[in-house]
Amino acid sequence: MQNYQDAVNELKSIVQKYDNIVFFGGAGVSTESGIPDFRSVDGLYNQQYDYPPETILSHTFYRQKPAEFYRFYRNKMLFTNALPNAAHIRLAELEQQGKVRAVITQNIDGLHQAAGSKVVLELHGSVLRNYCEHCGQFHDMQYVLRSEGVPKCETCGGPVKPDVVLYEEGLDQKTISEAIHYIREAQVLVIGGTSLAVYPAAGLIDYFRGDKLVVINKASTPRDSHADLLIQAPIGEVFSQI
């Protein structure tokens with residue numbers, strides 16, 4: 001693997017050369033904004049909760065223990081003070097310059113849009129959107145934060161559910177189709193801040209047929225050996241240099 005600065009310079013050259021770049025990102029993009037990756041957390045949760053995060057964030061748990069679900073959700077999934085970092089900001093700039101065609105994200109925090117990106121495909125939904133399960137009324141994140149127990153719709157009194165994909169739930173097919181389209185048509189696919197361990201989202205990159213596959217992640221991923229360019233470093237640090 002080439003040295004770090006040479007790799008960053010090569011990425012800079014790729015960005016200059018191509019104008020159909022797609023970015024596929026995960027939790028590592030948001031950790032630099034202060035949002036922890038709950039999948040990598042240690043026993044902190046076990047001290048406060050009787051169940052592991054993956055259990056609490058499942059469809060079954062949401063149905064069976066909605067009050068406990070929301071206790072975890074408010075405490076651990078909503079970050080009102082998080083701001084876009086260098087990666088979010090640079091991706092939005094590159095979109096404005098006609099370089100980046102789409103951002104495909106596994107994150108649910110809305111930070112890509114906050115940075116100015118327009119074409120953002122949220123594979124796992126967004127904490128910024130919440131809907132009444134009875135009448136479909138929209139409620140924002142602040143409404144959920146201000147509520148107690150299970151949030152109730154102000155229109156009809158029905159339960160309000162976050163527009164996020166829980167474990168055991170399927171991904172939105174329209175979003176999947178759009179993501180496949182952008183990945184299949186891309187000249188360059190940049191994978192950043194993801195271990196590529198969460199399926200079916202990680203499987204989408206199999207549709208890439210372009211010229212350059214770039215992987216930027218602090219830890220190794222299953223696609224490292226396939227990458228035309230591999231940079232093992234924090235993504236915000238890398239993007240701040242291109």
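For the chain, the antiparallel share of DSSP beta bridges with both residues in that region comes to about 25%. How large, in percent, is the carbon and sulfur part of the accessible surface of the chain at a probe radius of 1.4 Å? Carbon-and-sulfur percentage of accessible area, whole number: 47. For the range 57-171, the solvent-accessible area with a 1.4 angstrom probe is 45 square angstrom per residue.
The Cα trace of the chain gives Rg and Dmax of 18.6, 60 Å, the first to one decimal, the second as a whole number.
Pairs over the 28 Å Cα-Cα cut-off, from the set K99/K218; K118/K174; K12/K118; K12/K174; K65/K118: K12/K174; K65/K118. Each semi-axis of the equivalent ellipsoid for the range 144-190 is √(5λ) with λ an eigenvalue of the Cα gyration tensor; in descending order they amount to 35, 11, 10 Å. Return one number: the angle in degrees, 0 to 90 and rounded to the nearest 10, between the long axis of the Cα atoms of helix 66-76 and the longest principal axis of the Cα atoms of the chain. Between helix and principal axis, roughly 40 degrees.
Considered as an equivalent ellipsoid built on the Cα gyration tensor, the range 136-242 has semi-axes of 36, 18, 13 Å, the largest given first. To the nearest ten degrees, helix 4-17 and the longest principal axis of the Cα atoms of the chain are 90 degrees apart. When you work out D = kT/(6 pi eta Rh) for the range 1-131 at 4 °C and 1.567 mPa s, using the Kirkwood radius from C-alpha pairs as Rh and the Stokes-Einstein form, the result is 78 µm²/s.
What fraction of the Cα pairs in the range 56-102, stated in percent, has a spacing above 15 angstrom? Summing the P(r) of the range 56-102 above 15 Å gives 62 percent of all pairs. Relative contact order, whole percent, for the chain stands at 25, derived from Cα pairs under 8 Å and 6 or more residues apart.
The values are calculated or read from the model by the stated rules, or taken from the named source; none is laboratory data. Computed from a prediction, not measured in an experiment: that's the story for all the values here. Side chains are part of the model used for accessible areas, which takes the heavy atoms of the whole protein and leaves out ligands, DNA and RNA. Shrake-Rupley method; radii C 1.70, N 1.55, O 1.52, S 1.80 Å.
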